[in-house]
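Chemist: Pasting a structure here, questions to come.
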Amino acid sequence: MLSVTRRTRRPLATAAAALVLTGCATVPARSTVPSSPQAQDELLGTAERTLVVRCLAARDLTLPDTAPARPPAPAEDRRLQAALFGTGPRELSLTLATGHTVTAHTDGCVAAARQNLYGDQTRWFRAQVTVDNLRAEAQARMKDDPAHRAALDRWTRCAAPPGRPRPERPGPAVAARCERESGLADVRARLEPVELAEVRALRGDQLATYRQLRTRALRRAAELSAGTTEQKGNDAS
Amino acid sequence: MKRILTAAAAVLALTGGLALTTPAVAADCPSGHFCTWQEADFGGQRANWSGDDGWWEGWIADTDSSWANHGISGPGVKDHVRVYESAWQGGAMTICLAPGQEVGYNGAANDRGDSHTWAMGC
């Protein structure tokens, strides 16, 4: 059996709760974008979830909890997966410098929600995948540095002393001790900011697209939030 | 099982500018879960988690060849998955996936995963 730890989860966030709570209020709805990144993330998460729920409802499906205690039956879940994430050929594809080819479908409720929010799901996909993996790219580049290679050699000798077979997977305690003793952790801490800065400069165009489309999505999400509030207010009156 | 690059795939990977043909087969990964398969294109034995795992079991550790994030987004939900090459999120992060994103092909970083964690972002 796999060791599964349930994700730390927060209850419905303030933004979502506010949508519900203001349903009966008489205050006018306003489409404002919050200033803090955390509140912005919450606004985007609420909007995407709202759009996905509506899309699923049109297909006679409901969105389960983020990580349901009891997963739905396989056949039922496959229908839900198809509705959520799409089917058929994967129209979106981007190969990263790390060698991973990330793909996604353009159909499905998640894709439809992103199209609604970001306005261009193809441009958003390329920007999001690139920006989300800047750190992975920086860490991959770090490995070409002679100081990193030397530290990694010391780490390997630490994890597999001479005369003893190298363990297939050193235990976490051994790995952590060897990271310290080999200096690998220090080398990583020194090199990563440098490599990350270089990668960010290299991917400046995608970073700019990411910011531009996120700004667009925040405005759209705020409009949706205000619209939902107004609609709920009207329904209640 | 290790993935063996075919000559054609290797050429495609090296040329970089060409669009790779992505598999049409669906990645069967339960809603709300992160999945990894022992073979490319979502084949072979699958491991899936709705939560974090700091030390993948031996049969899937360093034999992972394709991945899918079928997490469900929402406000305050950790819906991105970070995959690491060492236990307990150590070593380099090899890939970070948002919900709906999948990797069925990996030219260079195959069979490297040892742990993963869900996060608000990458």
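The values are calculated or read from the model by the stated rules, or taken from the named source; none is laboratory data. This is a predicted model, so every value here is computed, not measured. Note that each Cβ is placed from the backbone with ideal geometry, even for glycine, and that neighbours are counted across all protein chains shown. The protein model used for the area step is the full one, side chains on, heavy atoms only, and it has no ligands, DNA or RNA in it. Shrake-Rupley method; radii C 1.70, N 1.55, O 1.52, S 1.80 Å.
Chemist: May I ask you to verify whether residue B:92 is in contact with an Asp or Glu (Cβ under 6 Å, 6 or more places away or on another chain), closer than 30 Å to residue A:44 by Cα, open to solvent by less than 10 Å² (accessible area, probe 1.4 Å) and free of Cβ contacts under 8 Å to residues at least 40 places away in the same chain?
Modeler: So residue B:92 fits the description; yes.
Chemist: Being modelled with pLDDT under 90 and open to solvent by less than 10 Å² (accessible area, probe 1.4 Å) is true for just one of B:61, B:87, B:68, B:47. Which residue is that?
Modeler: Going through B:61, B:87, B:68, B:47 in turn, the sole match is B:61.
Chemist: Hey, among B:66, B:73, which residue is hydroxyl-bearing (Ser, Thr, Tyr), in contact with a helix residue (DSSP H, G or I) (Cβ under 8 Å, 6 or more places away or on another chain) and facing another protein chain (nearest Cβ under 9 Å)?
Modeler: Going through B:66, B:73 in turn, the sole match is B:73.
Yes/no matrix, rows are residues, columns are (1) touching a Phe, Trp or Tyr at 6+ places or on another chain (Cβ under 9 Å); (2) at the interface with chain B (Cβ under 8 Å from one of its Cβ atoms); (3) farther than 19 Å from residue B:81 by Cβ:
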{"site": "A:85", "(1), (2), (3)": "no, yes, no"}
{"site": "A:94", "(1), (2), (3)": "yes, no, no"}
{"site": "A:102", "(1), (2), (3)": "yes, yes, no"}
{"site": "A:115", "(1), (2), (3)": "yes, no, yes"}
{"site": "A:121", "(1), (2), (3)": "no, no, yes"}
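Chemist: Within the set of pairs 6+ apart or on separate chains, which have a first residue in segment A:45-67 that is facing chain B (nearest Cβ under 10 Å) and of a type outside the set (A, V, I, L, M), a second that is open to solvent by 60 Å² or more (accessible area, probe 1.4 Å) and assigned to a loop (DSSP other than H, G, I, E, B), and C-beta atoms under 8 Å apart?
Modeler: Partner pairs satisfying both residue conditions: A:66/A:9.
Chemist: Looking for whichever is at pLDDT below 90 and open to solvent by 70 Å² or more (accessible area, probe 1.4 Å) here; the options are A:64, A:71, A:37. Which one fits? Step through it out loud before you land on a result.
Modeler: Details: A:64 fails: open to solvent by 70 Å² or more (accessible area, probe 1.4 Å); A:37 fails: at pLDDT below 90.
Just a single option satisfies the conditions, and that option is A:71.
Chemist: Now a separate question. Taking segment B:59-73 as the region of interest, how many residues are of a type in the set (A, V, I, L, M, F, W, C) and under 11 Å from the mean Cα position of the chain (by Cα)?
Modeler: Restricting attention to segment B:59-73, the residues satisfying the condition of being of a type in the set (A, V, I, L, M, F, W, C) are B:59-61, B:67-68, B:72.
Restricting the remaining residues to those that are under 11 Å from the mean Cα position of the chain (by Cα) gives B:67-68.
Summing the residues that are of a type in the set (A, V, I, L, M, F, W, C) and under 11 Å from the mean Cα position of the chain (by Cα) in segment B:59-73 gives 2.
Chemist: Just one of A:115, A:139 is touching a residue at least 40 places away in the same chain (Cβ under 8 Å) and of a type in the set (S, T, N, Q); which is it? Walk me through it before giving the result.
Modeler: Details: A:115 fails: touching a residue at least 40 places away in the same chain (Cβ under 8 Å).
Unique residue meeting the criteria: A:139.
Chemist: Condition first: buried (at least 22 other Cβ atoms within 10 Å of the Cβ) and in a loop (DSSP other than H, G, I, E, B). Now tell me which residues in segment A:81-97 satisfy that.
Modeler: A:86, A:90, A:96, listed by residue number.
Chemist: Given the condition within 28 Å of the chain's Cα centre (by Cα) and modelled with pLDDT under 85, answer yes or no: does some residue in segment A:176-186 qualify?
Modeler: Within segment A:176-186 (the criterion being within 28 Å of the chain's Cα centre (by Cα) and modelled with pLDDT under 85), the answer is yes, since at least one residue qualifies.
Chemist: Out of everything in segment A:126-173 that is within 11 Å of chain B (Cβ to nearest Cβ) and open to solvent by 90 Å² or more (accessible area, probe 1.4 Å), what residue ends up being modelled with the highest pLDDT?
Modeler: Ranking the qualifying residues of segment A:126-173, first place goes to A:135.
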